[in-house]
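Colleague: I have a structure I would like to understand better, so I am pasting it below and will then ask my questions one at a time.
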Amino acid sequence: MANDLNLLRNIGISAHIDSGKTTLTERILFYTGRINAIHEVRGKDGVGAKMDSMDLEREKGITIQSAATFTSWGKYNINIIDTPGHVDFTIEVERALRVLDGAILVLCSVSGVQSQSITVDRQMKRYNVPCIAFVNKCDRSGADPLRVCEQLRTDLGHNSVMIQHPIGLEDKHNGIVDLLKMKAYYFDGESGEDIREEAIPADLADVCKVQRDKLLEALADFDDELAMLFLEGEEIPEAMLLETLRKATFSRKFTPVCCGSAYKNKGVQKLLDKICEILPSPLEMDYRALDQNNEEAEVLLQPRADLPLTMLAFKLEDGRYGQLTYCRVYQGKLEKGDTIFNCVNQKKNKVGRLVQMHSNEMSDIDYAQAGDIVALFGIDCASGDTFTDGNVKYTMTSMYVPDPVVTLAVEPKKKEGLANFSKAINRFSKEDPTFRVHRDDESNQTIIGGMGELHLEVYIERIRREYGVEVEVGAPQVAYREAITKHAEFNYTHKKQTGGSGQFARVAGYLEPTEEDGEVYEFLNKVVGGVIPKEYQSSCDKGFQQAMVEGGLIGFPVVGLRACINDGSSHQVDSSDMAFQLASRMAFRECYMKCAPVILEPIMKVTVDTPEEFSGTVLGTLNKRRGVILGNANKNGLASVEAEVPLSEMFGYSNELRSGSQGKAEFSMEFKKYGPVPRNIQDELVKEYQAKRNAGR
Ligand SMILES: Nc1nc2c(ncn2[C@@H]2O[C@H](COP(=O)(O)OP(=O)(O)OP(=O)(O)O)[C@@H](O)[C@H]2O)c(=O)[nH]1
Ligand SMILES: [Mg+2]
């Protein structure tokens, strides 16, 4: 595997849906000699891009699962993860960025910063991943990469500066100028494989000079020596420029912007050069773990073979040959035959087979070292677990997993399908932490939950195709929450003291909403003088938490609540952990209705991009669905409408939008927040819930 870590790059490609990530990755694999022909996403030759290997991906023309591959460019080795853009598959981006050292943020030169660019940007920030922006699709009509670079500043707050300049745009786009070298590059040959270096064309000389000065000025903020030379109008050595550019990019206070057209084979090789020259190697990153043998003290991980192995399992996949676990090695070395220790479930595992992935293919390897991204077979773990050699007990923070917002009741159409159906469901919920499954005891149904309609639709289709089971699907349901809006007091006595061993517990205190929104619960213990014995105070906490799982309105979890106990009494013999748990649960239930509870529903941020002539229709469709319009921008004949709409109103929206816009409008949506449902809807939901409960009895 990679011998010189200085020459290793682990990068992710992430962006808004359809911006050309997979198309770009396909070119990268072609120019680096990893594949010998280019195939298009949903291309007419019926082959499809390498990284979209699943049938469903090829049919729909979208990426669903992230795919890993590796290649080399000159003396550099590069591990690449291509991720999906659709927000329903956001966990794939999350876990890729968790383990990568750098990223390419792809943007469309016409659409610019889109709703998903904002989400991806947030994810890159979360894991401190430095990035290069690539403004793709410069061949499209209306292309304006300089405007997109500006949008990165205004919309995402990046200190973004062009490091390349396009030669021609739209159908005249035929190359790029490197503003560091001040040279023009053209991409000849059938697939743009022959790079021709020339002097900057005369008509671009002035603008390139201006753009280069902008770049130098921006870099001057990061290096005093460079600043001096720049102010004095001296020549700045290319090596100094590059070094400053790297330093600035690593700090995430500077975003270099490249441009080109993946589809028209323009600029990709020069982007590859920049990936290698600018983005960090594993040696330049600062990774830490928590030492479980030393009160979770932070330890700096070092990519050295002589230190104890530390690696993070970031993705599981159940394939033909058993469970495949994708891991990133941060420290030490891993060899076939080694025994590794899972610091989360405390189990030992033997490494039977070690492979490097190339989309859906794999090649066997004998060892992996720090910095590598590899996959292991037959390892028992969950995604996010940390492995070591057993000599140390380190854990690394896992990735952020958002909660599902949509649920569906599903069951196999025929009884015979049950075994395979369960197999499929188990597999998917293990592979994808955002795909949840539970059994609803009341209705006796299997409920699956996920990030959106498409997310669940894809799994249902996969159950049908990969497991041969037809699935009966109920209406989608949103994941409601309940919350209280008022302070109220409780004083509850649980008493059962007739015959046998008795039970006694009294708890008093109050419930109130927290100032903070979200999945918050606070337990406040203000008991004085031991009126509730110390050992039972935590029983009260437990009791409240149990009660919060099912709110009193419609049985959904309660959020944003503080429970305080400040008084109570106990009995020498009859008080117990159970008695206090039960008393707290009952106190909660009784008090809950006095706290003016409300139902909260997921509110989505919806962005619709449409030709201007349909923008009136689009606004109408959103208004009808209880949408609050936040913005409506027009550019180049395209309107972009942004709104907040309750998720419960968004089911079936894609059909309505398609027919209302002759198939020309597109929308994307993602979870924004929980908000209270209108009173009349709350009343209806409560009525429905009560009717269901009564019927169940
Ligand atoms: N005109 C033009 N079209 C492009 C370019 N790059 C990609 N496309 C087209 O844009 C569409 C989407 O490309 P993909 O590569 O699938 O985009 P993606 O970002 O991987 O999409 P998801 O993975 O689904 O988020 C395809 O029809 C491509 O042919 C480009 O440079 N110019
Ligand atoms: Mg893709």
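Colleague: Could the peptides 261-272, 524-535 be put in order, highest first, of the mean number of other beta-carbon atoms found within 10 Å of their residues? Spell out each step's value before the answer.
Modeller: Details: 261-272: 23.6, 524-535: 13.5.
So the peptides 261-272, 524-535, ranked by packing, come out 261-272, 524-535.
Colleague: Per residue, how big is the convex hull around the C-alpha atoms of the chain? Give it to me in cubic angstrom, could you? Present the calculation step by step, with values, prior to reporting the outcome.
Modeller: On the way: hull volume 142.3 nm³, N = 697.
In the chain, the Cα hull volume divided by residue count equals 204 Å³.
Colleague: While we're here: List the relative contact order of the chain as a percent without decimals, with contacts defined as Cα pairs under 8 Å and 6+ residues apart. If you can, show how the numbers build up before the last one.
Modeller: Numbers: 1549 pairs, mean separation 64.4, N = 697.
For the chain, the relative contact order is 9 percent.
Colleague: For Cα pairs less than 8 Å apart in space and 6+ apart in sequence, what is the mean separation divided by the residue count of the stretch 482-596, i.e. the relative contact order in percent?
Modeller: Working: 254 pairs, mean separation 48.1, N = 115.
It comes to 42 percent, rounded to a whole number.
Colleague: Can you run phi through the Karplus equation (6.51, -1.76, 1.60; θ = phi - 60°) for the stretch 249-264 and list ³J(HN,Hα) in whole Hz, with x for Gly and Pro?
Modeller: 5, 4, 6, 6, 9, 8, 10, x, 10, 9, 8, x, 9, 4, 4, 8
Colleague: Could you check the spin-label model distance between Ala596 and Glu416? Points 7 Å from the Cα along Cα→Cβ, value in nm.
Modeller: The modelled label-to-label distance comes out at 5.9 nm.
Colleague: Between Glu361 and Lys348, with labels modelled 7 Å along Cα→Cβ, what's the label distance in nm to one decimal, could you check?
Modeller: That separation, rounded to one decimal, is 3.7 nm.
Colleague: For the chain, find the longest principal axis of its Cα atoms and tell me its angle to the long axis of helix 21-31, 0 to 90°, nearest 10.
Modeller: Value to nearest ten degrees: 40.
Colleague: On to the next question. What is the set of long-range amide H partners of Asn10 at a cut-off below 5 Å, with H atoms built 1.01 Å from backbone N?
Modeller: Residues meeting the amide H criterion: Asn79, Asp101, Gly102.
Colleague: Debye sum, Cα scatterers, the stretch 482-596, no solvent: what log₁₀ I/I(0) at q = 0.17 1/Å?
Modeller: Calculated log10 I(q)/I(0) at the listed q: -0.74.
Colleague: Which order do peptides 243-254, 205-216, 66-77 fall in by mean Cβ count within 10 Å, highest first?
Modeller: On the way: 243-254: 18.2, 205-216: 15.6, 66-77: 19.7.
Per-residue Cβ counts within 10 Å, averaged per peptide and sorted highest first, yield 66-77, 243-254, 205-216.
Colleague: Quick check for you: which residues of the stretch 351-387 have the amide N under 16 Å from the point 7 Å beyond the Cα of Gln302 toward its beta carbon?
Modeller: 370-371
Colleague: Spin-label point model (7 Å from Cα, Cβ direction): what's the Gln546 to Glu612 distance in nm?
Modeller: That separation, rounded to one decimal, is 6.4 nm.
Colleague: To the nearest 20 debye, what charge dipole does the stretch 482-596 have about its Cα centre, counting +1 at the Cβ of each Lys and Arg and -1 at the Cβ of each Asp and Glu? Kindly include the intermediate steps, with their values, before the conclusion.
Modeller: Numbers: 11 positive and 15 negative charges, 107 e Å.
Dipole size: approximately 520 debye.
Colleague: Amide H neighbours of Lys413 under 5 Å, counting only residues 5+ apart in sequence or on other chains, H built in-plane at 1.01 Å?
Modeller: HN-HN under 5 Å from Lys413: Glu470, Val471, Glu472.
Colleague: Output the direction-averaged projected area (hull surface divided by four) of the convex hull of the alpha-carbon atoms of the stretch 287-395, in nm². Before the final figure, lay out each step's value.
Modeller: Working: hull surface 24.6 nm².
Over every viewing direction, the Cα hull of the stretch 287-395 projects on average to 6.2 nm².
Colleague: Mind ordering 357-370, 96-109 by average Cβ neighbours within 10 Å, highest first? Each step should come with its number before you reach the end.
Modeller: On the way: 357-370: 17.3, 96-109: 26.4.
Peptide ranking by packing, descending: 96-109, 357-370.
Colleague: Quick query: amide H of Ala639 versus all other amide H atoms, modeled in the peptide plane; which residues come in under 5 Å with a sequence gap of 5 or more or a different chain?
Modeller: Residues meeting the amide H criterion: Thr610, Glu612.
Colleague: Can you work out ³J(HN,Hα) from phi for every residue in the stretch 392-406, in order, using Karplus 6.51 cos²θ - 1.76 cosθ + 1.60 and θ = phi - 60°, giving whole Hz and x for Gly and Pro?
Modeller: Rounded to whole hertz, the list is 10, 10, 9, 10, 10, 5, 7, 8, 7, 10, x, 7, x, 10, 10.
Colleague: Here's something else I'd like to know. For a 20 Å ceiling on Cα separation, which of these pairs sit above it: Lys60/Lys430; Lys21/Lys214; Lys181/Lys209; Lys75/Lys315; Lys50/Lys333; Lys181/Lys214? Can you show the working numbers first?
Modeller: Details: Lys60/Lys430 24 Å; Lys21/Lys214 28 Å; Lys181/Lys209 12 Å; Lys75/Lys315 29 Å; Lys50/Lys333 30 Å; Lys181/Lys214 15 Å.
Beyond 20 Å between Cα atoms: Lys60/Lys430; Lys21/Lys214; Lys75/Lys315; Lys50/Lys333.
Colleague: Same structure, new question: Kindly state, to the nearest 0.05, the FRET efficiency for Leu231 paired with Lys209, given R0 = 22 Å and r defined as their beta-carbon distance.
Modeller: Working: r = 17 Å, r/R0 = 0.76.
The computed FRET efficiency comes out at 0.85.
Colleague: Can you compute 3J(HN,Hα) from phi for each residue in the stretch 208-220, using the Karplus curve 6.51 cos²θ - 1.76 cosθ + 1.60 with θ = phi - 60°, rounded to whole Hz and x for Gly and Pro?
Modeller: In residue order, the calculated couplings are 5, 5, 4, 5, 5, 4, 4, 5, 5, 4, 5, 6, 4 Hz.
Colleague: Determine Rg/Rh for the stretch 407-477; Rg is computed over alpha-carbon atoms and Rh is the Kirkwood hydrodynamic estimate from the same atoms.
Modeller: Details: Rg = 11.0 Å, Rh = 12.0 Å.
Dividing the radius of gyration by the Kirkwood radius yields 0.92.
Colleague: Express in nm, to one decimal, how much length is gained between Asn491 and Asp577 on full extension, taking 0.36 nm for each residue of separation and deducting their alpha carbon distance. Present the calculation step by step, with values, prior to reporting the outcome.
Modeller: On the way: separation 86, 0.36 × 86 = 30.96 nm, distance 1.79 nm.
Result for the pair: 29.2 nm of gain on full extension.
Colleague: Based on DSSP, what percent of beta bridges with both residues in the chain are antiparallel, to the nearest 5? Walk me through the numbers on the way to the answer.
Modeller: Numbers: 121 of 150 bridges.
About 80 percent, rounded to the nearest 5.
Colleague: Could you list the residues of the stretch 224-244 with an amide nitrogen less than 16 Å from a label point located 7 Å from the Cα of Leu283 in the Cα-to-C-beta direction?
Modeller: The answer is 243, whose backbone nitrogens lie closer than 16 Å to the label point.
Colleague: Taking only C-alpha pairs under 8 Å that are 6+ residues apart, what is the relative contact order of the stretch 244-396 in percent? It would help to have the intermediate numbers written out before the result.
Modeller: Working: 318 pairs, mean separation 35.8, N = 153.
This gives 23 percent for the stretch 244-396.
Values in this text are rule-based calculations from the coordinates and carry no lab data. Computed from a predicted structure; not experimentally measured. All Cβ positions, glycine included, derive from the backbone under ideal geometry; neighbour counts span all protein chains shown.
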